[in-house]
Amino acid sequence: MRRWGTILLALGCLAGGQSHANAGDIALANAQLFLDILGFDAGPYDGVIGGRTTSALTAFMRSRGKEFDGEFGADELDEIYAALDEVPYNGRPPRLNAADGRTSYERHEFDFPAPVDLAALLPELTELRSLDSVSERLRALPPEARGFQCGLPSWAAFPAAGQTLHTYATFREFETTAQRNPHRGNRWVEELQESMSYAGARLAARDDPALALEVKQALLAHSAAGSALDVTTFLDPATRRVIVAPDYTVPAQATQGIVINYLLARPQLKLSPSEQEQIETWLNRLLETYIDSFNVLNGEGSIREPRAVELIGRAYMIWGLLRNDVGRFNEGARQAAISISLTREDGSHRFGASRGNRVLWYQGVMLSNALADYLLMESQGIDVKSILLPTISRMADYWGRGWHDNTTLFPYAQENNAVYVGSDYRLQEARYPSPGIEFFLGLQPDAPVAGLLRAANLNTPEPIATGETFNMSCIGLAYADPSTLGIEPAAPLTVARVNVLGSGQQGQWQGYSVLLNGVSVDGAAPQNLSFEVFTDFSSDVVEPENLILVRMVIASRNIENYAAQMTEFANCSEIAFQPGQVRLHFGVEVLENDCILDRLTPEDRELWRAVFAALPQIMLDLAPTDPDASRLSMMLEHKLDEVR
């Protein structure tokens, strides 16, 4: 284990800039913080080994049955981390409970006892299961269902390893110039979490050896570098105050997403025992640093903030799964359930209500997080459908009604109550609906609020909804009834004659003009159809391994009532929208097609759904006599492999 302390000590030598400790003493400043958490007063977190730090290290090592030799190094740091691992919640569990209506907020008018204590309904688990059940659910879905939503955006690249976290120089700077936003230098840790969310879902849904290798290499690089283990830049050494609390929350949230998606992806990573130990030691230390320390760094005593309690509880469930620690999982589930319990009969959550005009935004946050808790508990066989879903349904109902009607938010959302001047989180929420919507609709497609939620979801600019923990668009599918996914079978199609009228190439794309004569759908009168198929590549080498997109492009003249529909296509996807065209895509983007087709007349929808479904077989049948059809058939087959 010595190498892990050495890694963090090396970080201290590399990091600089905004640390309050000397550049070479960051690891010691971290140790001073952790010693304080463990009950040993090491003095200010300044990275200087004075008398108080020496006494604290001496007393700490003696409590572990060892002696401190006067020099701080890897052995001491490893021992400190081992001690942190043994003290869940730093010995001070959150004091929030369902029966106590009081929180740490000053606005007590928003406090209330929970209608039901959900934690009291949870069973005490005696063993933990793997997350294979999630993968099994996803892989049982039709390929076209999981294709797009379990895809991987081209921008979801893993950030470089070894990066440290940054904060503002003073609390005043944070309050004034930063407008209470996390430091932009910490965006990389969110990018790592997002990349893992997409990759974990994709690897759970299908085999992808190339992506598995990329994930493995990224995790090995980050674990070897000890990425994100430097936290001293968040601390004011004079007051021991966290300078920027939201900055500290960002890695606390990101850590959970990284760990849980690692667990989803782990079966495909093909790790050796030493590689698995290296990665999981780093992940454990991230949890120890950002979760086990979260409580002590949020004020004296224990946490009463519902969102913080939920965050810690969810993290402890994830930590329990990583370490196969059923006791830790049970405690985390209990805390998360208490947080979900704090939902009124009208569906408003206590944390959202206390945020003034942020009520809608934070209602969506708590809904998304409650659904992540639902998934984690359900994976262990807990009857969450009976225990949690009724309360979560009330939360979703309140969010859906509030999104469409601001008056629903009163008396909780008076303008400029608990926010800085000029902010209005209702407007922000209108652009970014809760990522939990897609998961909830999978669980409750026929809920009374489903129509309102679907209407709200059309406003999101992101094609895939990712919460703090999961790719909600993909993982939510695993818990949906396949009959509710809206995937309609294509009607029978017959074609009298097929012509590929020629192909052309320009740079990184090729185009094919296709004419179908005598097309009949389900016995209807035959007609002639023309359209184009474009294949886009990542380079001028137009081979299947470089293939990015295959799109079928239908001109407006072939679409009945097209002019009345075209302005709505932009809500479906940027790549699917082009004025004067209807674009349908093969491969992982396939679910965007439903959004496009739903905006056509029933006759057009049936016709073009049938043509799209039949095109791969049409080109395959024509391939022996037509080189263009043969090449197009090969590209279509390659894209179809993405969702098989």
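Is it fair to say Thr343 is open to solvent by less than 10 Å² (accessible area, probe 1.4 Å), modelled with pLDDT under 95 and in contact with a strand residue (DSSP E or B) (Cβ under 8 Å, 6 or more places away or on another chain)?
yes
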Of the residues in segment 576-614, those that are assigned to a helix (DSSP H, G or I), open to solvent by less than 20 Å² (accessible area, probe 1.4 Å) and in contact with a strand residue (DSSP E or B) (Cβ under 7 Å, 6 or more places away or on another chain) come to Gly587, Glu592, Asn593, Ile596, Leu607, Trp608, Ala610, Val611
Only one of Leu376, Leu321, Leu360 is open to solvent by less than 10 Å² (accessible area, probe 1.4 Å) and at pLDDT 95 or above. Can you tell me which? Leu376
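What about Ser368, is it crowded, with 19+ Cβ neighbours inside 10 Å and in contact with a Pro (Cβ under 7 Å, 6 or more places away or on another chain)? Before you say what the answer is, go through the steps one by one.
Values: crowded, with 19+ Cβ neighbours inside 10 Å: yes; in contact with a Pro (Cβ under 7 Å, 6 or more places away or on another chain): yes.
Here the answer is yes, as Ser368 does meet what is asked.
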Filter result for Leu477 (open to solvent by less than 40 Å² (accessible area, probe 1.4 Å) and at pLDDT 80 or above): yes
Pair list, Cβ < 8 Å and 6+ apart or interchain, from segment 262-282 residues that are more than 24 Å from Ala82 (Cβ to Cβ) and open to solvent by 30 Å² or more (accessible area, probe 1.4 Å) to residues that are at pLDDT 95 or above and not aliphatic (A, V, I, L, M): Lys270/Lys216
What is the one condition in (1) open to solvent by 20 Å² or more (accessible area, probe 1.4 Å); (2) closer than 12 Å to Met635 by Cα; (3) without any contact (Cβ under 8 Å) to a residue 40 or more places away in the chain that Leu515 does not satisfy? (2)
Note on segment 615-644: residues modelled with pLDDT under 85, open to solvent by 20 Å² or more (accessible area, probe 1.4 Å) and touching a strand residue (DSSP E or B) at 6+ places or on another chain (Cβ under 6 Å) are His638
So how many residues does segment 206-227 have that are under 18 Å from Cys474 (Cβ atoms) and either of a type in the set (Lys, Arg) or modelled with pLDDT of 95 or more (or both)? 2
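Specify which of the listed residues (Gly17, Gly5) is at pLDDT below 80 and part of a helix (DSSP H, G or I).
On inspection, the qualifying residue turns out to be Gly5.
The values are calculated or read from the model by the stated rules, or taken from the named source; none is laboratory data. This one's a predicted model, so the numbers in the text were calculated from it and none came from an experiment. Counting neighbours? That spans all protein chains shown, and the Cβs are built from the backbone with ideal geometry, glycine included. For accessibility, only protein heavy atoms count, side chains too; no ligands or nucleic acids. Shrake-Rupley method; radii C 1.70, N 1.55, O 1.52, S 1.80 Å.
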